[in-house]
């Protein structure tokens, strides 16, 4: 007999959050407004804060705040952000608390003038670098790892911004897709592993950079190419200058597959591929690996839509809209009491009884983290009359936290780390649970499997680190 399954600890709801999204533009008279549009398109990458910094070549102006892009920026705010070059940022904190002082872009005035920085990712040697810098007299304004890069650039021995960026980035380890703004340059940089996406585009004669191509589409900008791992672009009135960072021998690419699974918008192209089409292939492969006899396939909207379509196409089981998402549930919704913990899930999703009643249902989701949300969904499907509920997940079981810019819970909180798929099935009270295999997932993407980071599933971390704690830079304060 197997061991007795006891779920003594309640798994709290948890929505995965990426560190951030970045955008930049050089050479357009409406730089602030276009950056606003870019951030609006990237809102899904960070919902805690947003900011824009502009420059007219002589003075920088900044506006940032807590909340969503449309809440922070009004017409008057954008009118005050003058200049033909700008960077913007949407944030969810993975290093440092969710405070206004940590909102980005960070704007500072140092020995070489004004500079602003926006960062997507996570610096894994931030503690060591910060301690070293503070020992030599650096005073930090924020508790984010991003500010460390500016302090590294401020060394007196570095002659100019170009040298400062390259030398600073040679010292930091981990994940970063960065935008800098000076009066002379828009700078875009990507870490040598290429964990997070970053694109170069054009709109007329202006150059734009963005975490995802969906930001280009909203303004009719042309996507030119992905910025390469380990590449730094210096964009100025002279055009685009590319420079490579020094890279250790044996460094491999480590594109985050979870960007394809969940984070990126389906209408974006990242890591050389359409996000929607990759997710559709995940669903097809899932149907091959975890087949089931059922009457309908339904997605968990919206991130499960593409995979559910692929599952339906491969299995021949009809796709139905059995769950309807309420898109007006904002981040400020008041948390319910302990006895009504599933109320927020019900507010966000409604279940169509006429579609579900008496049916054997396959529900396709992108991932399971702690598990409470999935448990509530299965319960709701039963209450809506589903005869059978088969849960299918378009990625492998999450067993390890992320060190590179995704706010996963601790390993002890991840349900797949604690229990087997059959134990999870019993906890969810569903008829079956099936995950996509790691090998199957990697067979669906463009590059060789060695080119991707799978740490949250496999425990194989491409860049070494000492620990994972989003508040590590605040200890002792």
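The numbers here are math on the coordinates, done by the rules we state, and not lab data. Given the structure is predicted, the values throughout are model-derived calculations rather than measurements. Note that we place each Cβ from the backbone using ideal geometry, even for glycine, and neighbour counts take in every protein chain shown.
Structural remarks
- Ranked by the mean number of other Cβ atoms within 10 Å of their residues, highest first, the peptides 203-214, 116-127 come out as 116-127, 203-214.
- Note on the stretch 193-255: Rg/Rh from C-alpha atoms, Kirkwood Rh, equals 1.02.
- Virtual paramagnetic centre 7 Å along Cα→Cβ of residue 458, amide N under 20 Å, in the stretch 369-412: 394-406, 408, 411
- Global form of the stretch 20-254, assessed from the alpha-carbon gyration tensor, a/c cut-off 1.5: rounded
- Whole-Å semi-axes of the ellipsoid equivalent to the stretch 52-187 (Cα gyration tensor, √5λ, descending): 24, 19, 12
- For the stretch 22-129: rounded, prolate or oblate by the Cα gyration tensor [a/c cutoff 1.5]: oblate
- Working from label points 7 Å from Cα in the Cα-to-Cβ sense, the residue 446 to residue 74 distance is 4.3 nm.
- Dimensions of the stretch 358-446 based on its C-alpha atoms, expressed as ranges along the principal axes with the largest first, amount to 43, 31, 21 Å.
- Over the chain, the ratio between the Cα radius of gyration and 2.2 N^0.38 Å evaluates to 0.99.
- Length-normalised contact order of the stretch 107-181 in % [C-alpha pairs under 8 Å, at least 6 apart]: 48
- Think of it as helices only: each DSSP H run of n ≥ 4 in the chain is worth -39500 (n - 2.57), and spread over all residues that comes to -7000 deg cm²/dmol at 222 nm.
- Its alpha carbons give the stretch 240-287 an Rg and a Dmax of 14.8, 46 Å.
- All-pairs Cα distance distribution in the stretch 131-274, expressed in whole percent, bin size 10 Å: 11, 38, 34, 15, 2
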